[in-house]
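Derivation of every value follows stated rules applied to the coordinates shown; laboratory data play no part. All values reported here derive from a predicted model rather than from experimental measurement. Reconstructed Cβ throughout: ideal geometry from the backbone, glycine too, with neighbour counts over all protein chains shown.
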Amino acid sequence: MVRTGWTGCVNRWGGTRRGWPGRLRADTGMATSEYAVATIAACALAAVLYKVVTSGSVSAALESVIGKALHAQI
């Protein structure tokens with residue numbers, strides 16, 4: 001074991017196991033609560049997009065574009 005003073009001990013790969021340097025390292029992923037918030041936000045965005053796409057004017061425009069594409073002369 002290598003002594004590093006007040007910061008704790010260093011493991012064999014060079015990282016600290018306790019002390020300030022170990023507490024200041026960056027997060028490496030999302031927590032479960034962050035996954036839940038991201039999932040709820042994605043569902044809300046999907047609901048808004050669904051409402052926009054199924055509205056009358058957007059639906060008519062999409063049908064027009066698809067109709068023109070299907071009846072195009074090659």
Item to check | Phi-based couplings in Hz for segment 35-41 (Karplus 6.51, -1.76, 1.60; Gly and Pro marked x) | outcome: 4, 5, 5, 5, 5, 5, 5
Checklist entry - Once both labels are modelled 7 Å past Cα along the beta-carbon direction, what's the CYS43-VAL65 spacing in nm? => result 2.9 nm
